[in-house]
Amino acid sequence: MTVVETAQSAIESADAHSAHNYHPLPVVIAAGEGAWVTDVTGRSYVDMLAGYSSLNFGHRNARLVQAAVDQLGLVTLTSRAFHHDKFGAFTAELADLCGTDMVLPMNTGAEAVETALKTARKWGYQVKGVPAGKATIIVCGGNFHGRTISIVSFSDDPDARADFGPFTPGFVQVPYDDLDAISAAIEDTTVAVLVEPIQGESGVIVSSDGYLRGLRELCTRENVLLIADEIQSGLCRTGLTFACDHENVRPDIYVLGKALGGGIVPVSAVVASRDILGVFRPGEHGSTFGGNPLACAVGLEVVRMVRSGEFQQRARELGTVLTERLGQLPGITGYRSRGLWAGVDIAGRTGRDVCESLLQRGILAKDTHGSTIRLAPPLVITRHDLEWSLDQLAAELSAVQ
């Protein structure tokens with residue numbers, strides 16, 4: 001069987017035996033290192049998606065792989081029925097990175113969002129004094145926080161909602177980047193506002209300057225928790241540790257994931273003060289794999305790498321290159337960027353069509369919402385490889401004008 005036949009066979013097997021809830025590009029990846037991946041035919045590509053920011057530190061980052069390998073030789077799972085020797089250090093150092101007290105570790109981003117919602121409701125009943133069963137949480141239009149029943153209950157994406165009702169009540173949706181709308185929606189039963197500092201799935205929608213500061217002031221004044229979903233935007237992607245840092249805002253609750261696992265294991269967390277996360281008692285929430293030794297070993301190394309400041313600096317410096325080059329692209333109707341993260345709106349073509357053409361040029365990228373493509377390479381990408389990738393995008397857009 002030729003390598004081409006091997007690739008086709010792998011795709012056919014996936015199509016035949018897995019649910020069709022994804023529509024991947026026709027490439028079968030077999031290896032990866034840094035910002036590059038190699039398919040089963042031996043062809044290499046620059047990864048300009050980085051697992052939706054899960055791979056901020058690159059494929060097979062040596063420090064993270066070593067942390068995982070070391071832990072694999074010791075113990076990988078205890079459940080939370082017992083203590084293990086990595087848990088305390090991981091939770092302490094992650095809490096300190098966020099400037100607060102406590103961590104509730106989970107696995108996936110959606111689990112962390114669900115945990116944050118439960119936390120806010122419980123805080124509302126126990127601390128704020130909202131009548132039982134009446135708590136509400138304000139969310140934003142265009143949001144993407146995951147795909148569980150409760151989360152899609154407050155999505156406005158028809159693909160995420162169709163045929164999944166009935167939906168979970170207790171959520172009030174307002175337009176994104178609209179402080180007046182949030183202010184008008186707050187009632188005595190409001191316990192939290194859930195917001196993405198930058199909306200990734202919507203096309204890297206960057207909120208207006210002052211929006212997060214105004215939101216922080218509003219939530220403080222109204223005794224409402226500010227929950228920041230930094231699953232995609234956090235851990236250096238935007239040029240600072242968290243996207244909220246661009247406005248010197250500290251939310252009441254951080255929701256973290258993706259890059260927290262270093263692209264090796266799923267690790268997510270809710271991080272907040274003792275006054276907030278202290279509402280939980282044994283048996284009220286949990287996860288068999290949440291905070292397992294392997295996850296904590298990798299997550300702890302991620303936290304220590306973030307503390308170096310190296311990756312924030314790389315995102316800022318390379319982000320400047322990215323933004324400058326985007327402003328020179330032909331065949332687009334607009335773009336938005338923050339750090340090493342951008343959404344590019346394509347004129348006259350679907351994002352899928354552009355991504356399929358970029359695949360032939362050695363670039364992996366992902367479309368969203370019709371005509372937009374997202375660019376979010378690993379932060380370890382070299383300037384040369386970033387420039388080359390943008391050259392390929394410019395050539396592709398020029399070729400069809």
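The values are calculated or read from the model by the stated rules, or taken from the named source; none is laboratory data. Owing to the predicted nature of the structure, the values given are computational and were not obtained by experimental measurement. Glycine also receives a Cβ, built like all others from the backbone with ideal geometry; neighbour counts cover every protein chain displayed. Ligands, DNA and RNA are stripped out before the accessible areas are found, and what is left, the full protein with its side chains, is counted by its heavy atoms. Shrake-Rupley method; radii C 1.70, N 1.55, O 1.52, S 1.80 Å.
Using just its DSSP H runs of length 4 or more, each adding -39500 (n - 2.57), the chain gives a mean residue ellipticity at 222 nm of -11000 deg cm²/dmol after division by all residues. Take every Cα pair under 8 Å whose residues are at least 6 apart in sequence, average their separation, divide by the length of the chain, and the relative contact order is 23 percent.
Normalised by 2.2 N^0.38 Å, where N is the number of residues, the C-alpha radius of gyration of the range 234-349 stands at 1.34.
The Cα-based radius of gyration and maximum Cα-Cα distance (Dmax) for the chain are 21.2, 67 Å. Kirkwood-type hydrodynamic radius, the range 62-183: 17.6 Å, calculated from all non-identical alpha-carbon pairs. All C-alpha pair distances within the range 20-102, sorted into 10 Å bins from zero, spread as 14, 29, 31, 21, 5 percent across the bins.
Specify the longest stretch of the chain that does not include any exposed loop site, a site being one of the chymotrypsin sites (Phe, Trp or Tyr not before Pro) with a non-H, G, I, E, B DSSP assignment and at most 12 other Cβ atoms within 10 Å. The partial results should precede the final answer.
Numbers: sites that count: Tyr22, Phe82.
Value returned for the longest uninterrupted segment is 83-401.
When both bridge partners sit in the chain, DSSP labels roughly 65% of those beta bridges antiparallel. Taking a straight line from the alpha carbon of Lys86, these lysines sit under 20 Å away, with near neighbours fewer than eight places off in the same chain left out: Lys258.
Per-residue 3J(HN,Hα) values for the range 39-48, derived from phi via the Karplus relation 6.51 cos²θ - 1.76 cosθ + 1.60 with θ = phi - 60°, read 8, 5, 8, x, 7, 9, 9, 7, 8, 9 Hz in sequence order (x marks Gly and Pro). Rank Leu390, Leu194, Leu55 by mean-square fluctuation in a GNM of the chain with C-alpha springs under 10 angstrom and give only the top-ranked residue. Looking only at Leu390, Leu194, Leu55, the largest GNM fluctuation is found for Leu390. Under the convention that each Lys and Arg Cβ holds +1 and each Asp and Glu Cβ holds -1, the size of the dipole of the chain around its Cα centre is about 720 debye.
Report the local net charge at Asp353: Lys and Arg +1, Asp and Glu -1, summed over other residues whose C-beta lies under 12 Å from its C-beta.
On the way: positive: Arg349, Arg352; negative: Glu356, Asp367, Glu396.
Result for the neighbourhood of Asp353: -1.
Spatial offset of the range 37-84 relative to the range 256-316 amounts to 14 Å, using the alpha carbon center of each.
From the alpha carbon gyration tensor of the range 179-270, can you work out the equivalent ellipsoid semi-axes (sqrt of 5 times each eigenvalue) and give them in Å, largest to smallest?
They are 24, 14, 11 Å, listed from largest to smallest.
For the range 163-292, calculate the relative contact order in percent as a whole number, restricting contacts to Cα pairs under 8 Å that are 6 or more residues apart. Intermediate results must be reported in sequence, preceding the final value.
Working: 156 pairs, mean separation 22.6, N = 130.
Over the range 163-292, the number comes to 17 percent.
Rounding to the nearest 20 debye, state how big the charge dipole of the range 1-114 is about its Cα centre with +1 on each Lys and Arg Cβ and -1 on each Asp and Glu Cβ. Each step should come with its number before you reach the end.
On the way: 5 positive and 13 negative charges, 36 e Å.
Computed charge dipole of the range 1-114: roughly 180 debye.
When the solvent-accessible area of the chain is split by element, carbon and sulfur atoms take up 51 percent of it, the probe being 1.4 Å.
For the charge dipole of the range 212-281, defined by +1 on Lys and Arg C-beta atoms and -1 on Asp and Glu C-beta atoms about the Cα centroid, which residue among Ala243, Ala269, Thr220 has the Cα displaced farthest towards the positive pole? Projecting each Cα onto the dipole axis, the largest value belongs to Ala269.
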